[in-house]
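Here, each number is a calculation from the coordinates, and none is a lab measurement. If you're wondering where the values come from, they're calculated on a predicted model, not measured in any experiment. Don't worry about glycine lacking a Cβ; one is built from the backbone with ideal geometry, like all the others, and counts go over all protein chains shown.
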Amino acid sequence: LILAVDIGGTKVAAGLVDESGHVLSSCRVPMNVNGTASEAMDCVHQAVERMMAEGRRAVTAIGVSSPGPLNPHDGIVVSPPNLPCWRNFDLRHAIEDRYELPVRLDNDANAAGLAEAVWGAGRDYRYVLYITIGTGIGTALVLDRHIYYGRTGAAAEGGHMTIDCRGDVLCGCGKPGCIEGLAAGPAIAAAARKAAAADPERASTLIALANGKVGNITTELVLEAVHEQDPVATQVMTQTFLRLGVWIGNMIDLVEPDVILFGGGVGAGIAPWLGEICTEACRWTINGRANEIKFLPAMYGADTGLAGSAALWVQDKPQQAMVK
Ligand SMILES: [Zn+2]
C-alpha cells in the first residue's frame with residue numbers, strides 16, 4: 001500500500017491506496033497554514049499517523065501532493081500562495097525522517113493528472129492532457145504514464161498561459177489575461193454577477209436561484225441556471241467556453257494529446273458541455289484531426305488528491321533527468 005497525503009490550504013487528507021489506485025480508507029484534519037512551519041507539519045503528522053495506525057506494516061512508501069510552486073526533484077515546497085507557513089521548506093525530508101519510508105512529492109495538478117492517466121479516465125491513452133478547473137486552473141501533461149516535468153520541474157503550468165495580453169483582468173500570478181483569471185470558478189461567478197446586476201430581468205432565473213441576491217451568485221448556480229435556460233448564465237458560459245476553446249486549441253497545436261481530461265469542481269460541472277468546448281477548440285487549432293481527440297470528464301472526484309499522491313509511485317525514477 002501507498003500512504004497518500006494530500007495537502008491543501010484548509011485541510012490535510014491522508015489515505016491508504018492500493019496498487020490499482022483504489023483508496024481503501026482515508027481521513028482528513030484541518031490544516032493550519034498561518035502558523036509556523038512546524039505547526040503546519042503537526043497537522044500533516046496527525047493525518048499520517050492516523051493512517052499509519054491502520055496499516056503501518058503494509059505501507060511501502062509515502063506519496064505527497066501539495067499546492068505549488070514546489071520542486072519535485074528535491075522535495076522542497078517553494079512559495080505556495082495558499083501555504084504561507086512554508087517558504088523553501090524541505091517537506092520531503094520532514095516526512096521521510098519521521099517515518100523512515102521513501103517519500104515522493106509533486107504539485108497537486110501533476111499528481112491528479114498522473115492518477116487519471118494510469119488508473120482513471122486516461123488509462124487507455126498514451127498522451128494525456130489533464131485540466132483541473134476550480135478556484136484556479138491547473139494542468140498536467142502525462143506522456144506514456146510519466147509526468148512531463150520540463151527542465152527543472154516547472155513545466156505544465158498551462159493555467160498561466162495568456163490568451164488576452166491586453167486584457168484588464170490580472171491573474172493572481174501578476175500577468176494579464178491568463179486563462180486562470182478568465183475562466184476559473186471565481187471569473188465565472190464574477191462575470192455572472194456583473195451581467196446579472198446590469199440586466200436583472202434577463203437574469204431572473206439565475207437571481208432566483210441565488211435567493212434574490214446578485215451577490216450570492218456562485219459558479220455552481222450559474223451552471224444550474226444554464227440547465228434552466230437562463231439567458232445571462234448561458235451567455236457567461238458561452239463566453240467561458242470560447243476562452244477555454246482558444247486556450248485548448250493552442251495546446252492541441254503544441255502537444256496533440258490523445259485525450260483531454262477535465263477535473264476539479266468546475267471541470268466536473270461543465271462535463272455536459274465538453275462537446276461544445278471541443279467544437280470551439282477545433283476552431284482555434286490548425287490540427288485538421290483535432291475532432292478525433294477525446295474530451296472526457298476525469299474519473300476521480302473527491303479522492304483525486306489521494307489517488308494522485310499514490311500514483312507518484314507508479315512512475316519509475318520520475319525526476320532523474322531534471323536540472324538541480
Ligand atoms: Zn496567471
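For the chain, the C-alpha radius of gyration sits at 1.02 times the compact-globule guess of 2.2 N^0.38 Å, with N the residue count. Note that the range 247-260 has calculated 3J(HN,Hα) couplings of 5, 5, x, 4, 5, 4, 4, 7, 10, 5, x, 7, 8, 10 Hz, one per residue in order, obtained from phi through the Karplus relation 6.51 cos²θ - 1.76 cosθ + 1.60 (θ = phi - 60°); glycine and proline are x. Beta bridges assigned by DSSP with both partners in the chain are antiparallel in approximately 60 percent of cases. Loop-located GluC sites (Glu not before Pro) in the range 142-217 (DSSP state other than H, G, I, E, B) with a sparse environment of at most 15 neighbouring Cβ atoms within 10 Å: Glu201.
Normalised by 2.2 N^0.38 Å, with N the number of residues, the alpha-carbon radius of gyration of the range 95-164 equals 1.24. Distant-in-sequence amide contacts of Gly263, defined by a placed amide H-H separation under 5 Å and a gap of 5 or more residues or a different chain, comprise Ile131, Thr132, Ile133, Ala298.
Taking amide H positions as modeled 1.01 Å from N, with prolines and chain starts lacking one, the residues under 5 Å from Ala61 and 5 or more places away or on another chain are Leu3.
When the trypsin sites (Lys or Arg not before Pro) in the range 142-179 are filtered for DSSP coil states and for at most 14 other beta-carbon atoms within 10 Å of their beta-carbon, the remaining sites are Arg151, Arg166. The mean of 1/r over all pairs of different alpha-carbon atoms in the range 10-66, once inverted, gives a Kirkwood hydrodynamic radius of 12.0 Å.
When each pair of different Cα atoms in the range 132-248 is counted once in the 1/r mean, what is the Kirkwood radius in angstroms, to one decimal?
Values: mean 1/r = 0.0656 Å⁻¹.
Computed over the range 132-248, the radius equals 15.2 Å.
Placing unit charges on the Cβ atoms of the charged side chains and taking the dipole of the chain about its Cα centre, the candidate lying farthest along the positive direction among Gly136, Trp86, Leu221 is Trp86. In order along the range 286-292, phi translates into HN-Hα couplings of 8, 6, x, 10, 4, 5, 7 Hz, rounded to whole numbers, per the Karplus curve 6.51 cos²θ - 1.76 cosθ + 1.60 with θ = phi - 60° and x for Gly and Pro. For the range 50-153, the normalised intensity computed at q = 0.12, 0.21, 0.22 Å⁻¹ comes to -0.46, -1.16, -1.20 (log10 of I(q)/I(0), Debye sum over alpha carbons, equal scatterers, no solvent).
Please compute the Kirkwood hydrodynamic radius of the range 185-292 from all pairs of different C-alpha atoms, in Å with one decimal.
This gives a value of 14.5 Å.
Under 5 Å between amide hydrogens, built in the peptide plane, is the criterion, and for Ile76 it picks out Asn71 among residues at least 5 positions away or on other chains.
Would you calculate, for the chain, the mean residue ellipticity at 222 nm contributed by helices, counting each DSSP H stretch of 4 or more residues as -39,500 (n - 2.57) and dividing by all residues, to the nearest 500?
Details: 11 runs with 122 residues, N = 324.
Theoretical 222 nm ellipticity from helices: -11500 deg cm²/dmol.
Applied to the range 131-143, the Karplus parametrisation 6.51 cos²θ - 1.76 cosθ + 1.60 on θ = phi - 60° returns per-residue 3J(HN,Hα) values of 10, 10, 10, x, 6, x, 10, x, 9, 9, 10, 10, 10 Hz, with x for Gly and Pro.
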